[in-house]
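Undergrad: Okay, here's the structure, questions in a sec.
The values are calculated or read from the model by the stated rules, or taken from the named source; none is laboratory data. On a predicted model such as this, the values are computed, not experimentally measured, just so you know. Cβ placement follows ideal geometry from the backbone for every residue including glycine, while neighbour counts extend to all protein chains displayed. Only protein heavy atoms, including side chains, enter the accessible area calculation; ligands, DNA and RNA are left aside. Shrake-Rupley method; radii C 1.70, N 1.55, O 1.52, S 1.80 Å.
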Amino acid sequence: MLKTLKLFARHHFTDRPFSGPEHESHFKIERLSFSLSNFNKQLKSLGARELASVDYQNKKYPIYCLDFLSDQPNAKKLFIVAGTHGNEQGGLLGIQQILNHLAKNRTNNSVSVRIVAMHNPVGCDKFSRYNGQGVDVNRDFKRQQTTETQAVAKAFDEFKPDFGVSLHEGPQAGVFLYTNKYCDYMITKSILDNFSQANVQLATKSYLRNTLAQAGVFPVKGFFGGLLKIWTGTFGYEGFGQFCTRMGIPSIVIETSWSTKAESQRTYAHYTLFTTLLNELS
Ligand SMILES: [Zn+2]
């Protein structure tokens, strides 16, 4: 319990541990083949629109948004945010696969999808968890002091999604999903089944090193849910998952393992989460 609390404190009780986009080499993150310039090319070729932009060291970094809308009435709306932490490249490669999928299947969509491709483009360029000012933008959903999180929250509010997803990685072995209280367990189960079918390793412990009651899933309730409530209530920090809970919609925050070199494992889990959700929300 003490270990969990200590780790929780290190990850959660500061939103600005640095003054810029630091590397944090102690995390021992395996870098993948992500290229920011290739990603920007892909985004432009898909007609991405600029939600906002941030400046860092005289360079402009746009925050891009893409819509793939269904023409079916009452189609469910899925909102995905990627690139929140720029040193988690499994999610960045995952969102590129997801975008390729959506671009190839622009007709007969039964789900409307909005994607904010890079929540933290400076971090993505500098291989950092933090933005240009050293802020963890995934602590900012309540106060919305950063341009980055203001842009994501605005895109979310305008879209009025039925389901929210955020793509992440962490130091644990294998993948797990943070699910909020609105997330239907049958959806979680389908995703885990599809992970197992594709031989994606499920985490048995979260990054907080607590043993998961069920491999691959960390429902945000009970002790940890209580901690998060205190965290948000006292310090005003709020991540995307808690933001979705406050907005009253189901959310999944996926955490693949940044310590594995297996690029396909890390990337594929994000893509599989997406394709399973498309099926489930259809
Ligand atoms: Zn993250």
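Undergrad: Report the relative contact order of segment 80-178, percent, no decimals, based on alpha-carbon pairs under 8 angstrom and at least 6 residues apart.
TA: Values: 118 pairs, mean separation 39.5, N = 99.
After rounding, I find 40 percent.
Undergrad: With a 1.4 Å probe and every protein chain left in place, work out the accessible area per residue of segment 116-170 in Å², rounded to a whole number. Display every interim value, and only then the final one.
TA: On the way: 1480 Å² over 55 residues.
With all protein chains present, segment 116-170 gives 27 Å² per residue.
Undergrad: If Lys and Arg each add +1 and Asp and Glu each add -1, what is the summed charge of the other residues whose beta carbon sits under 9 Å from the beta carbon of K77? Don't skip to the end; give the middle numbers.
TA: On the way: positive: K76, R114, K160; negative: D162.
That works out to +2.
Undergrad: Can you figure out the FRET efficiency of M186 with K221, using R₀ = 22 Å and their beta-carbon distance, to the nearest 0.05? Provide the component values of the computation, followed by the final result.
TA: Details: r = 17 Å, r/R0 = 0.78.
After rounding to 0.05, the efficiency reads 0.80.
Undergrad: Could you work out what % of the accessible surface of the chain is carbon and sulfur, using a 1.4 angstrom probe and leaving DNA, RNA and ligands out of the count?
TA: 49
Undergrad: By DSSP, what percent of the beta bridges with both residues in segment 37-181 are antiparallel, rounded to the nearest 5?
TA: Details: 11 of 21 bridges.
Antiparallel bridges: around 50 percent, rounded to the nearest 5.
Undergrad: What size of dipole, in debye to the nearest 20, comes out for segment 114-201 about its Cα centre when the only charges are +1 on Lys and Arg C-beta atoms and -1 on Asp and Glu C-beta atoms?
TA: Details: 10 positive and 10 negative charges, 41 e Å.
With Lys and Arg at +1 and Asp and Glu at -1, about 200 debye.
Undergrad: Next up: How big is the Kirkwood radius of segment 195-276, worked out from every pair of different alpha carbons and given in Å to one decimal? Could the numbers behind the result be given before it?
TA: Details: mean 1/r = 0.0694 Å⁻¹.
Radius from the Kirkwood sum: 14.4 Å.
Undergrad: Counting only other residues whose beta carbon sits under 13 Å from that of Q133, what net charge do I get with K and R as +1, D and E as -1?
TA: Details: positive: R16, K126, R129, R139; negative: D15, E22, D55, D136, D140, E148.
Net charge in that neighbourhood comes out at -2.
Undergrad: Taking 0.36 nm per residue of sequence separation and subtracting the Cα-Cα distance, how much length would be gained by fully extending the chain between N199 and S259, in nm to one decimal?
TA: On the way: separation 60, 0.36 × 60 = 21.60 nm, distance 1.73 nm.
The span from N199 to S259 would gain 19.9 nm if fully extended.
Undergrad: Right, something else. With the alpha-carbon atoms as the only input, what is the per residue convex hull volume for the chain in Å³? Numbers along the way, then the final one.
TA: Numbers: hull volume 33.7 nm³, N = 282.
Looking at the chain, the number lands at 119 Å³ per residue.
Undergrad: Please list, in chain and number order, the residues 5+ apart from F218 or on another chain whose amide H is under 5 Å from its amide H, with Hs placed from the backbone.
TA: L177, Y178, T179
Undergrad: Going through the cross-link list K154/K189; K181/K261; K28/K221; K41/K104, which pairs have a Cα-Cα distance over 22 Å in this structure? Please list the in-between numbers first.
TA: Values: K154/K189 31 Å; K181/K261 33 Å; K28/K221 30 Å; K41/K104 17 Å.
Checking Cα-Cα distances, K154/K189; K181/K261; K28/K221 exceed 22 Å.
Undergrad: Amide H of E238 versus every other amide H placed in the peptide plane: which residues, excluding those fewer than 5 positions away on the same chain, fall under 5 Å?
TA: When sequence neighbours closer than 5 places are left aside, the close amide H contacts are D140, F141, K142, R143.
Undergrad: Provide, for q = 0.13, 0.14, 0.18 Å⁻¹, the log10 of I(q)/I(0) from a solvent-free Debye sum over equal Cα point scatterers in segment 10-128.
TA: -0.57, -0.65, -0.97
Undergrad: Quick one: check the C-alpha center-to-center distance for segment 225-282 versus segment 102-132, whole angstrom.
TA: With segment 225-282 and segment 102-132 each reduced to a Cα centre, they are spaced 14 Å.
Undergrad: Now for a separate question. Using a Förster distance of 45 Å, how high is the FRET efficiency between T211 and K104, based on the Cβ-Cβ distance and rounded to 0.05? Display every interim value, and only then the final one.
TA: On the way: r = 40 Å, r/R0 = 0.89.
Working from the Cβ atoms, E equals 0.65.
Undergrad: Pairs of alpha-carbon atoms within less than 8 angstrom and 6+ residues apart define the contacts here; what relative contact order does the chain have, in percent?
TA: Values: 566 pairs, mean separation 69.1, N = 282.
In percent, rounded to a whole number, it is 25.
Undergrad: Moving on to the next point. Compute the distance from the alpha-carbon center of segment 9-86 to that of segment 171-196, in whole Å.
TA: Spelled out, the Cα-based centre of one part sits 22 Å from the other.
Undergrad: A follow-up question, please. Could you name the aspartates and glutamates in cross-link range of K59, using Cα to Cα under 15 Å and dropping any fewer than eight places away on the same chain?
TA: Qualifying aspartates and glutamates at Cα under 15 Å: D125.
Undergrad: Which one of I98, S110, P171 is farthest out on the positive end of the charge dipole of segment 91-176, using unit charges on Cβ (Lys, Arg +1; Asp, Glu -1) and the Cα centre as origin?
TA: Result: S110.
Undergrad: Between N279 and R246, what is 0.36 nm times their sequence separation minus the Cα-Cα distance? Round to one decimal in nm.
TA: Numbers: separation 33, 0.36 × 33 = 11.88 nm, distance 2.55 nm.
Additional length available on full extension: 9.3 nm.
Undergrad: List the lysines whose Cα lies under 16 Å from the Cα of K160, skipping any in the same chain that are fewer than 8 positions away.
TA: K76, K77
Undergrad: Using 1/(1 + (r/R0)^6) with R0 = 30 angstrom and r between the beta carbons of D55 and R143, what's the FRET efficiency to the nearest 0.05?
TA: Working: r = 21 Å, r/R0 = 0.70.
My answer for the efficiency is 0.90.
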